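Structure first, commentary second.
The values are calculated or read from the model by the stated rules, or taken from the named source; none is laboratory data. Bear in mind that the values here come from a model prediction, so they are computed numbers and not experimental data. Glycine gets a Cβ as well: all are built from the backbone with ideal geometry, and neighbour counts include every protein chain shown.
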Amino acid sequence: MPPALHRQLKKLAAAENRSLNAEVIRRLRASLPELPAGYDAELEAMRAVRSRIRLRIRDDEELNRMKRAGRR
């Protein structure tokens with residue numbers, strides 16, 4: 001991180017009684033768009049499905065072989 005940016009963030013963090021890390025995270029979150037409603041529930045549902053599938057892929061070549069086999 002450039003020293004000038006580090007100093008500025010530390011100053012801003014101190015003014016709000018935050019750690020430097022908390023200030024950086026707050027500013028990153030503020031710069032990102034809001035997540036759509038229901039995002040967390042949808043993500044959990046995807047994780048549940050994924051945990052039941054459990055493909056054991058060792059490398060890219062194995063993944064490519066599986067893709068080619070599925071196209072036949």
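Looking at the structure I just gave you, is residue 17 more than 30 Å from residue 1 (Cα to Cα) and among the polar types (S, T, N, Q)? Here the answer is no, as residue 17 does not meet what is asked. With respect to the conditions (1) loosely packed, with under 11 Cβ neighbours inside 10 Å; (2) over 30 Å from residue 66 (Cα atoms); (3) of a type in the set (A, V, I, L, M), residue 49 lacks only one, and its number is (2).
Which one of these is modelled with pLDDT under 90 and of a type in the set (A, V, I, L, M): 25, 57? Don't jump to the end; show me each part of the working.
Working: 25 fails: modelled with pLDDT under 90.
After ruling out the rest, the residue left standing is 57.
Within the stretch 30-53, residues that are free of Cβ contacts under 8 Å to residues at least 24 places away in the same chain sit with their Cβ atoms under 9 Å from residues that are surrounded by fewer than 10 Cβ atoms within 10 Å (Cβ to Cβ), at 6+ positions apart or across chains, in these pairs: 42/36. Looking only at the stretch 23-49, which residues are farther than 30 Å from residue 6 by Cα, of a type outside the set (Gly, Ala, Ser) and more than 17 Å from the chain's Cα centre (by Cα)? Correct list: 49 only.
Of the helices (runs of 4 or more DSSP H) that lie entirely inside the chain, those containing 2 or more residues that are among the hydroxyl-bearing types (Ser, Thr, Tyr) span 39-53.
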